[in-house]
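Reading through the structure tokens given below for one structure.
What follows draws every value from the coordinates through simple rules; no lab data is involved. Since this is a predicted model, take the numbers as computed values, not measurements. Cβ placement follows ideal geometry from the backbone for every residue including glycine, while neighbour counts extend to all protein chains displayed.
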Amino acid sequence: MQISKLLAPLLLFLAGTLSAQDYPPNPKPGMCYIRCKKELVEVKVKQVVVPSYKEYKIVPAVYETVNEQIVVKPASKRFEIVPAVYKDVIDTIMIEDPINKITLVPIKTIDTFEVLEIQPAYAQFESKPGVLNCKSKNPRDCDVICYVQHEAVKKQIPVKKIVANPAFVKEVKEGKFKTLKRKELVSAPVVKEIEIPAEYITIKRKALVKDETLDSSDVGAIYREEVRLVRDETDGGAESEYVWEEIDCNLTDLNILPIYYDFDSAELSSDAKSIIDEKLFNLMVKKPLIRIEVNAHTDSRASADFNLDLSERRARAVVNYLVSKGIKRSRLEYHGLGETVPVNHCTDGVNCSEAGYAKNRRTEFRVLTQ
């Protein structure tokens with residue numbers, strides 16, 4: 001009994017807490033709930049397109065016509081130039097000054113020979129063969145020495161002898177003259193100043209008698225009926241922009257979408273479209289507030305970049321198909337993950353069976369939480 005008394009306040013506290021946190025009312029065991037934004041609905045409103053204003057009317061100005069003389073060409077002066085007067089004169093002018101002209105007299109020579117002593121005369125003792133039948137054992141007693149005189153050695157050398165030394169001669173060369181015809185000023189030019197009077201015309205001009213004024217009147221506003229998007233409050237939750245959507249708990253995890261593509265293709269077959277209608281389209285029509293995520297994967301039998309692009313095109317094809325059937329694109333999210341999330345060991349460099357590769361070639365979906 002005492003335990004019951006203790007649990008009663010606790011249960012009341014928990015009930016109040018759950019209510020304060022805005023949990024789904026009357027939840028079903030085994031079901032999951034997603035907090036979704038309410039749909040926007042169309043509401044007609046009266047919109048002012050032209051506000052009320054004052055309309056003004058101009059009262060024209062009043063003029064009178066007067067005559068007025070206008071200068072169309074002001075007075076000025078004109079200048080006449082009386083040209084200069086010239087006469088022809090012939091002058092003789094020197095165009096080259098006189099100079100003392102110098103003429104060179106070249107040197108004169110003749111060819112001859114001179115005798116050159118290339119070795120002087122000399123005398124010296126010279127040995128001769130010894131005395132025949134000399135009986136002395138001393139060889140010097142048998143020597144014959146003669147004092148021999150040698151003449152100088154001479155050679156003829158070709159030379160030039162000057163007959164007349166070089167010189168120069170000066171003579172006066174007269175200057176050159178030219179006859180020139182020129183004009184000599186007789187009278188200088190002069191300028192005559194001539195007065196030109198102004199020119200006038202008479203015009204008719206409108207002189208202002210009374211300026212423009214304004215008259216005003218009130219113009220009423222113009223309205224138009226417009227359609228605005230507001231939160232759907234039909235469920236009675238007027239103060240909240242969210243609503244709890246009941247969903248199968250398995251749909252919040254990644255689920256296989258059993259569709260298949262041709263090799264290197266992102267085109268959806270008729271069978272694939274039927275599966276998408278059954279698994280996704282019908283669900284999104286039945287639950288108009290939920291959002292769906294679509295992920296596509298490939299096996300590892302191509303480059304990583306190629307597989308990433310192919311998977312993204314395939315996931316996008318699923319989303320585009322649902323949009324073509326009227327599902328809002330804002331309710332859909334897709335990702336191409338290529339070969340980055342395998343479910344088995346069949347990765348780069350590993351040989352696998354077709355069944356092993358096929359497990360990684362998959363398309364998945366799940367319901368997104370808001």
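To the nearest 20 debye, what is the magnitude of the charge dipole of the chain about its Cα centre, counting +1 on the Cβ of each Lys and Arg and -1 on the Cβ of each Asp and Glu?
For this selection, approximately 1940 debye.
Can you tell me how much longer the chain between ARG182 and ASP264 gets when fully stretched, taken as 0.36 nm per residue apart minus their C-alpha distance, in nm with one decimal?
Here the segment from ARG182 to ASP264 would lengthen by 19.3 nm.
I need ILE327, ILE292 ordered by Cβ neighbour count within 10 Å, fewest first.
Placing the least packed residue first, the sequence is ILE327, ILE292.
Determine the percent antiparallel among the DSSP beta bridges restricted to the chain, to the nearest 5.
Expressed as a percentage, antiparallel bridges in the chain total about 95.
In the neighborhood of HIS297, defined by Cβ-to-Cβ distances under 12 Å, what is the net charge if each Lys or Arg adds +1 and each Asp or Glu adds -1?
Around HIS297, the surrounding residues sum to 0.
For the chain, what does the relative contact order come out to in percent, with C-alpha contacts under 8 Å and a separation of six or more?
Relative contact order, the chain: 25 percent.
Using only the alpha-carbon atoms, how far is helix 2-20 inclined from the longest principal axis of the chain? Give it as 0 to 90 degrees, nearest 10.
Tilt relative to the chain: about 60 degrees.
So which lysines pass the test for LYS77, namely a Cα distance under 26 Å, with those fewer than 8 places away in the same chain ruled out?
Reachable lysines: LYS192.
For region 245-368, report the translational diffusion coefficient in µm²/s to the nearest whole number, using Stokes-Einstein at 10 °C, 1.306 mPa s, and a Kirkwood Rh over Cα pairs.
In µm²/s, the coefficient rounds to 107.
Of all the C-alpha pairs in region 99-173, what % are more than 15 Å from each other?
76
Would you mind computing, in nm to one decimal, how far apart the modelled labels at ILE145 and ASN351 are, each placed 7 Å from Cα along Cα→Cβ?
Roughly 12.5 nm, to one decimal.
At 0.36 nm per residue, and after removing the present C-alpha to C-alpha distance, how many nm does the segment from TYR33 to ASP111 gain when stretched out fully?
13.9 nm is the gain from fully extending TYR33 to ASP111.
Which label belongs to the value computed from this structure, given these candidates for semi-axes √(5λ) of the Cα gyration tensor in Å: (1) 28, 24, 20; (2) 41, 23, 19; (3) 126, 78, 23?
Derived directly from the coordinates: (3).
Given an 8 Å cut-off on Cα distances and at least 6 residues of separation, report the relative contact order of region 99-173 as a percent.
Rounded, it is 56 percent for region 99-173.
If we sort 70-82, 356-368 on the protection proxy, mean other Cβ atoms within 10 Å, highest first, what's the order?
356-368, 70-82
Considering the dipole of the chain built from charges on the beta carbon (Lys and Arg +1, Asp and Glu -1) around the Cα centre, which of VAL62, PRO27, VAL159 is farthest to its positive end?
Sorting the options by dipole projection puts first VAL159.
Give the list, by residue number, of cysteines in the chain with no other Cys Cβ closer than 4.7 Å, or say none.
CYS36, CYS146
Do the alpha carbons of any pairs in LYS46/LYS328; LYS73/LYS210; LYS87/LYS173; LYS38/LYS273 sit beyond 30 Å of each other, and which pairs?
Among LYS46/LYS328; LYS73/LYS210; LYS87/LYS173; LYS38/LYS273, the Cα-Cα distance tops 30 Å for LYS73/LYS210; LYS87/LYS173.
Which residue, chosen from ASN307, LEU251, CYS346, occupies the Cα position most advanced towards the positive end of the dipole of region 245-368, where the dipole is computed from +1 (Lys, Arg) and -1 (Asp, Glu) charges on Cβ about the Cα centre?
Most positive-ward Cα: LEU251.
Let me know the Kirkwood hydrodynamic radius for region 97-235, please, with Cα pairs as the basis and the value in Å to one decimal.
Taking the inverse mean of 1/r over all distinct Cα pairs, region 97-235 comes out at 34.8 Å.
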